[in-house]
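Shown next, in structure tokens, is the structure this report addresses.
The values are calculated or read from the model by the stated rules, or taken from the named source; none is laboratory data. What you are looking at is a predicted structure, and each value in this text was computed from that prediction instead of being measured. Reconstructed Cβ throughout: ideal geometry from the backbone, glycine too, with neighbour counts over all protein chains shown. Heads up: the accessible areas ignore ligands, DNA and RNA and are worked out on the full protein's heavy atoms, side chains in. Shrake-Rupley method; radii C 1.70, N 1.55, O 1.52, S 1.80 Å.
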Amino acid sequence: MKRITVFFFSCLIGASAYADKTIELQLSSTIDQPSTPVVIPLAKYGPIRSATVLVDGKETSCQLDDLNKDGLMDELSFLADVNRGKPAMATVTLSNSGQPRAYTPRTFAEIVLRNPKVTAKNQQDIYLSSITVDRQTKNPYNVLHHHGVAFENELIGMRIYMDHRQTIDLYGKFHQGLELQETQFYTSKEQKAKGYGDDVLWVGNTFGLGALRGWDGSAPTMLDQVEHRTQRILTMGPVRTIVEVEDAGWTIAPGTEPVNMTIRYTLYAGRRDFDVDVTFNRKMDGSLFSTGVINVKGSSEYSDHQGTRGCWGTDWPATDTLNWKRETVGLGIYVPRQYNVDERPADKDNYAFVIKPQGNSLHYKLTYTSANEDYGFRSAQEWFDYLKTWASRQQSPVKIRKK
């Protein structure tokens with residue numbers, strides 16, 4: 001799968017499996033690319049235990065991840081600012097000994113069960129790394145506290161509903177920082193008074209921000225017929241958090257063979273966009289799916305008609321209009337050309353795309369802002385200008401060359 005902003009460097013020359021290895025990379029771009037993610041697969045380097053990364057001579061946070069939980073580190077990730085016409089130099093040292101360095105956390109994720117002995121909605125204390133529910137569970141939406149896995153970085157936060165919608169619901173912040181472990185998506189009055197954020201979007205049965213759905217030829221379809229639904233946290237730390245939603249035995253339409261689908265969401269520190277990578281257990285080239293963003297009430301729309309689409313609008317985030325205020329959000333989606341089949345006209349619910357996998361996978365990116373942010377955007381025009389810049393960054397990826 002071709003990725004737009006996450007770079008997998010898999011053609012490095014071999015190294016002794018049990019000796020420290022130093023890798024020098026040159027990162028260059030034709031446009032400014034702040035907080036560029038760089039990811040190095042580690043399988044060929046033996047059992048890596050620790051690492052350091054220097055970017056232009058200065059140590060930067062890095063993260064070692066065991067993604068398949070076999071006790072071995074699978075990937076090293078770090079971030080680098082790459083300016084137009086001025087290559088950045090990264091020096092990566094991998095070691096088969098020691099412990100991963102401790103850096104300040106800049107991402108967070110949680111799956112929480114309700115504790116019947118705890119009455120406060122933001123103090124639940126039964127944490128899980130994964131959960132699977134069977135189709136016999138009548139209302140999986142209510143199984144988990146905040147209705148599904150939640151994850152964040154300093155800029156944005158969200159949750160994914162664990163039901164037939166699998167909608168991404170949004171948390172809007174006022175100030176940069178990690179908050180979800182303290183608010184658990186249910187911000188108290190005292191926390192609001194201190195400047196904590198809260199839910200800023202009503203999603204209903206819409207796409208919300210970029211939910212993946214089926215397509216019946218004229219409208220999106222929900223993920224109703226699923227044997228097992230799983231949500232899991234793969235990693236979180238100073239560089240990124242990765243969460244997955246798995247639908248095993250999904251009968252997309254009556255009479256079709258069930259398929260297993262895994263959706264991986266990757267959010268990097270310091271970025272207001274995140275990756276959506278979808279993998280099926282067989283080739284799905286002949287199947288159509290849909291995604292997009294909610295048509296926020298009264299919103300204005302932006303589209304470049306090449307895969308980038310978004311809106312800016314204001315609506316109530318809940319039916320309780322006494323204890324909530326109207327919230328203004330900007331939403332965005334980027335669908336690479338190879339997956340983009342059709343940009344549908346806006347309807348009362350969504351700004352939608354019909355999309356198609358390549359082989360057994362597809363990829364797109366999502367982004368959003370809340371007008372509450374003291375570090376964000378204040379108008380539709382500002383937001384749409386950002387979407388244009390964001391799209392150009394996807395279309396001009398950073399080049400990585402080994403020195």
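For the peptides 131-144, 155-168, 40-53, what is the packing order when you average, over each peptide's residues, the other Cβ atoms within 10 Å and list the highest mean first?
Top to bottom by mean Cβ count within 10 Å: 155-168, 40-53, 131-144.
Given R₀ = 22 Å, what would the calculated FRET efficiency be for residue 347 paired with residue 374, taking r from the Cβ atoms and rounding to 0.05? Walk me through the numbers on the way to the answer.
Numbers: r = 34 Å, r/R0 = 1.55.
Efficiency, from the Cβ-Cβ distance: 0.05.
I'd like the distance between the alpha-carbon centres of region 333-357 and region 256-319, rounded to an integer number of Å.
9 Å
From the phi angles alone, apply the Karplus equation (6.51, -1.76, 1.60; θ = phi - 60°) to region 118-131 and give each ³J(HN,Hα) in whole Hz, x where the residue is Gly or Pro.
The phi angles translate into 10, 8, 5, 6, 10, 10, 5, 9, 9, 9, 10, 9, 7, 8 Hz.
Once amide H atoms are built 1.01 Å from N in the peptide plane, which residues 5 or more positions from residue 33, or in another chain, come under 5 Å H to H?
The answer is 82, 83, 84.
Kindly write out, for region 186-194 in residue order, the coupling ³J(HN,Hα) from the Karplus curve 6.51 cos²θ - 1.76 cosθ + 1.60 (θ = phi - 60°), rounded to whole Hz, with x marking Gly and Pro.
Those phi angles translate into 10, 5, 7, 4, 5, 5, 4, 5, 8 Hz.
Under a 5 Å amide H to amide H cut-off, with H placed in plane at 1.01 Å, what residues pair with residue 96 once short-range neighbours are removed?
The list, which skips near neighbours in sequence, is 20, 49.
Solvent-accessible area of residue 316, probe 1.4 Å, all protein chains present, reported in Å² to the nearest ten, please.
90 Å²
Do you know the relative contact order of the chain, to the nearest whole percent, from alpha carbon pairs under 8 angstrom that are 6+ apart? Spell out each step's value before the answer.
On the way: 1038 pairs, mean separation 62.6, N = 403.
In percent, rounded to a whole number, it is 16.
Please say if the chain is rounded, prolate or oblate, where rounded means a/c under 1.5 for a ≥ b ≥ c the square roots of the C-alpha gyration tensor eigenvalues, and otherwise the choice is prolate for a/b larger than b/c and oblate otherwise?
Rounded shape, in that the Cα axes give a/c under 1.5.
Measure up 365/388; 58/86; 86/365 against 19 Å on the Cα-Cα distance and list the ones that go over.
Long pairs (Cα-Cα over 19 Å): 86/365.
Keeping every protein chain in place, order 285, 224 by accessible area at 1.4 Å, biggest value first, i.e. largest first. Let's see the in-between values first.
Working: 285 60, 224 85 Å².
In descending accessible area the options line up as 224, 285.
Per DSSP H run of at least 4 residues, take -39500 (n - 2.57); add these up for the chain, divide by its residues and hand me the 222 nm value, nearest 500 deg cm²/dmol.
-1500 deg cm²/dmol
Which distance in Å, rounded to a whole number, links the C-alpha centroids of region 57-112 and region 214-245?
25 Å
Of all accessible surface on region 122-209 at a 1.4 Å probe, what whole percent is carbon and sulfur?
Values: 1650 of 3440 Å².
Using a 1.4 Å probe with all protein chains present, region 122-209 comes out at 48 percent carbon and sulfur.
Please give the per residue accessible area of the chain, computed with a probe of 1.4 Å over protein heavy atoms only, in Å².
Accessible area per residue: 43 Å².
So which GluC sites (Glu not before Pro) in region 154-212 are both in a DSSP loop and have at most 15 other Cβ atoms within 10 Å of their Cβ?
none
Would you mind checking the tilt of helix 380-395 against the longest principal axis of the Cα atoms of the chain, expressed as 0 to 90 degrees and rounded to 10?
Approximately 40 degrees, to the nearest ten.
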